[in-house]
Amino acid sequence: MRLNVQEFLANAVARCLNHLMLALLPSDRRAWGKALVAEQHEITNARERLTWAAGGIFMSANELMRTLFMDRPTWIAGLAFGISSAFVDLNSSTRWPYIGLLFTFGLILTSWRPKWAWRWIAVLGLSLPAIVLLTNKWGPYSIDRFDVFYGLVPATVGSLAGLALRSASRWLPHRPAGH
Amino acid sequence: MSSQTIAVLEALKGNGHTWSYGYDLSRVTGLKSGTLYPILTRLHDEGWLENKWEQAVEPGRPPRHLYRLTAVGSSAASRAVKTAASKAGPRRPAYET
């Protein structure tokens, strides 16, 4: 009876891990996840089946990291934009240049690379907090330190505008090639 | 190339033109699914591996994925295995007990 309970639990956990793995995998890799799940039906030992399912999580984490960091030029551009915007903000008497820069850079990056646009929002909006934390020079943010994260707002709005721009460009009439 | 990738290539090469299942490859190489499948994916991306789905014989079971080396993969695998063997050099004999 105890063995059956253990097996039941192991199967339930394996099923949960399979669902999680398939949800985490990028769509172009989902067939590989399904292939990994299909092999579990050939494994008779419940513990081994569970280990096999856990391996699937490792695979999807691996794939997730690969997809997350695969667009290196955009990452570098995002970092450069974020750092330069942060320096402008720290040396400016108003917030408008920073807001304008983050909006523009968010728009450019997202309309250039719309896949997982939250990456560009994060790199743009978190560059200033990172610099301030690393240098420990809070400048205009020494009174309200949480205010340093406000750059995430214009970066998000800029990215949404970039996505809208990209969607709108699909609806515009295209001139046929060669004319 | 990692020793795990070499092990997968050797296993696939050992099967020749026969298709292999993922679980069988795991048993032959001793690799866990989390290591094996990223390697298979990468080999497929490189064009070294071809795959196909096989409908399950038993009802209620999902189709299984099968793998074998392509012609390009087979020759590249031979080179990779040879290079790995030459890099490893002669193996030191085990201590006598």
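Of all the listed residues (B:ARG61, B:ARG27), the sole one being in contact with a His (Cβ under 9 Å, 6 or more places away or on another chain), surrounded by fewer than 16 Cβ atoms within 10 Å (Cβ to Cβ), not aliphatic (A, V, I, L, M) and not in a strand (DSSP E or B) is B:ARG61.
Filtered by the rule that a residue be more than 10 Å from chain A (Cβ to nearest Cβ), in contact with a Phe, Trp or Tyr (Cβ under 8 Å, 6 or more places away or on another chain) and among the hydroxyl-bearing types (Ser, Thr, Tyr), region B:5-40 gives a lone residue, B:SER20. Of all residues in region A:140-161, those satisfying the criterion of being of a type in the set (A, V, I, L, M, F, W, C) and in a helix (DSSP H, G or I) are A:PHE146, A:VAL148, A:PHE149, A:LEU152, A:VAL153, A:ALA155, A:VAL157, A:LEU160, A:ALA161.
Among all positions in region A:53-70, there is at least one residue which is among the charged types (D, E, K, R) and buried (at least 17 other Cβ atoms within 10 Å of the Cβ). If you go through region B:60-78 and pick out every residue that is more than 8 Å from every other protein chain (Cβ to nearest Cβ) and over 22 Å from A:PHE58 (Cβ atoms), you end up with 13. Among the residues of region B:11-24, just one is part of a helix (DSSP H, G or I), touching a residue at least 24 places away in the same chain (Cβ under 8 Å) and closer than 18 Å to A:VAL37 by Cβ, namely B:GLY22.
Checking the stated criteria, B:VAL57 turns out to be more than 14 Å from A:GLU39 (Cβ to Cβ), within 12 Å of another protein chain (Cβ to nearest Cβ) and modelled with pLDDT under 95.
Every listed requirement among (1) within 11 Å of the chain's Cα centre (by Cα); (2) closer than 14 Å to A:TRP52 by Cβ; (3) assigned to a helix (DSSP H, G or I) is met by B:THR35 save one, (1). The set of residues in region B:40-59 being closer than 24 Å to A:GLU63 by Cα and aliphatic (A, V, I, L, M) consists of B:LEU40, B:LEU43, B:LEU49.
Scanning region A:27-65 for residues that are within 11 Å of chain B (Cβ to nearest Cβ) and under 25 Å from B:GLU50 (Cβ atoms) yields a total of 23. Here A:LEU9 meets each of (1) loosely packed, with under 14 Cβ neighbours inside 10 Å; (2) in the same structural domain as A:ASP147 (by TED's automatic domain parsing) with one exception, condition (2). Taking the numbered list (1) at pLDDT 90 or above; (2) more than 14 Å from every other protein chain (Cβ to nearest Cβ) in turn, A:ASN11 passes all entries but (1). If you go through region A:67-77 one residue at a time, do you hit one that is among the acidic types (Asp, Glu) and within 14 Å of chain B (Cβ to nearest Cβ)? No: region A:67-77 contains no residue that is among the acidic types (Asp, Glu) and within 14 Å of chain B (Cβ to nearest Cβ). Cβ-Cβ contacts under 8 Å between residues 6 or more apart (or on different chains), taken from a first residue in region A:107-118 that is within 13 Å of A:TRP75 (Cβ to Cβ) to a second residue that is among the aromatic types (Phe, Trp, Tyr) and at pLDDT 90 or above, are listed as A:LEU109/A:PHE81; A:LEU109/A:TRP120; A:ARG113/A:TRP120. For region B:39-53, a residue qualifies if it is touching a Lys or Arg at 6+ places or on another chain (Cβ under 9 Å) and part of a helix (DSSP H, G or I), and exactly one does: B:THR41. Evaluate the following for A:ALA122: is it free of Cβ contacts under 8 Å to residues at least 60 places away in the same chain, more than 26 Å from A:SER93 (Cα to Cα) and either surrounded by fewer than 19 Cβ atoms within 10 Å (Cβ to Cβ) or within 16 Å of the chain's Cα centre (by Cα) (or both)? It is false that A:ALA122 is free of Cβ contacts under 8 Å to residues at least 60 places away in the same chain, more than 26 Å from A:SER93 (Cα to Cα) and either surrounded by fewer than 19 Cβ atoms within 10 Å (Cβ to Cβ) or within 16 Å of the chain's Cα centre (by Cα) (or both).
The values are calculated or read from the model by the stated rules, or taken from the named source; none is laboratory data. Because the structure is predicted, anything quoted here is derived from the model rather than measured. No Cβ is skipped: glycine too gets one built from the backbone with ideal geometry, and neighbour counts run over all protein chains shown.
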